[in-house]
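The values are calculated or read from the model by the stated rules, or taken from the named source; none is laboratory data. Because the structure is a prediction, the values reported are computed rather than measured. Neighbour counts are summed over all protein chains in view; Cβ atoms, including those assigned to glycine, are modelled from backbone coordinates with ideal geometry. These area figures cover heavy atoms from the full protein model, side chains too; ligands, DNA and RNA do not enter into them. Shrake-Rupley method; radii C 1.70, N 1.55, O 1.52, S 1.80 Å.
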Amino acid sequence: MFRLQVSRRLHEEHSQAAGMLARLQAYLVRQGPARPPLPNDAEFSALARGLAAAVAGEIASHFRFEEEELFPALAARGEADIGVLLTEEHRVILPLAQRVIVLARAQTTTSEQWAELHRCGGELVERLTSHIEKEEMGLVPLIEELLDDEADARLAEAYAALG
């Protein structure tokens, strides 16, 4: 589907994140804002663990790669605006995701904590889904257009080094 390694990897990570967001959204909708999960809710525990792993791993390294490697490479080719926009979104999404994880790991049981988790989780789903769509429709095609095979190989190696 994509010619370049960097485009393929970003697309794969977007797909994985979208799947996680769909599971989170489905759980939040099913529970509603006024019904906290039970302390022994295995689905909620698994969702919290998966979300924590995704944010600590894929999402944080994905954002770091874009900001440290990809956006400067695109800026050098005259396309700085998209990096500025997406970096601004990273600055909102990552702390929001970290807040959701803190609340989820606490095995939230009080109505107030659950209401906050429900609100923050819904906002995370909305913001990160929108962000992924921007990257899929704007960033990934731009990468395919502007990067040559040499730049792709260098960036793919840098991305792999991040973990």
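From 52, 48, 115, which residue is open to solvent by 20 Å² or more (accessible area, probe 1.4 Å), assigned to a helix (DSSP H, G or I) and among the small types (Gly, Ala, Ser)?
Matching residue, one of 52, 48, 115: 115.
Exactly one of these conditions fails for residue 83: (1) open to solvent by 60 Å² or more (accessible area, probe 1.4 Å); (2) of a type outside the set (Ser, Thr, Tyr); (3) under 22 Å from residue 11 (Cβ atoms). Give me its number.
(1)
Taking interchain pairs and intrachain pairs at least six residues apart, which have beta carbon atoms under 6 angstrom, with the first residue in segment 1-14 and open to solvent by less than 60 Å² (accessible area, probe 1.4 Å) and the second among the small types (Gly, Ala, Ser)?
Sorted first by the residue in segment 1-14, then by its partner, the pairs are 6/156.
Please work out which residue is least open to solvent (accessible area, probe 1.4 Å), limiting yourself to segment 118-143 and to residues that are of a type in the set (Lys, Arg) and farther than 16 Å from residue 54 by Cβ.
Of everything passing the filter in segment 118-143, 134 is least open to solvent (accessible area, probe 1.4 Å).
Output the residues belonging to segment 53-89 that are out of contact with any His (no Cβ under 8 Å at 6 or more places or on another chain), closer than 23 Å to residue 123 by Cβ and not hydrophobic (A, V, I, L, M, F, W, C).
Within segment 53-89, 57, 58, 61, 62, 64, 87, 88 qualify.
What's the number of the only condition in (1) at pLDDT 95 or above; (2) within 20 Å of residue 162 (Cα to Cα) that residue 57 fails to meet?
(1)
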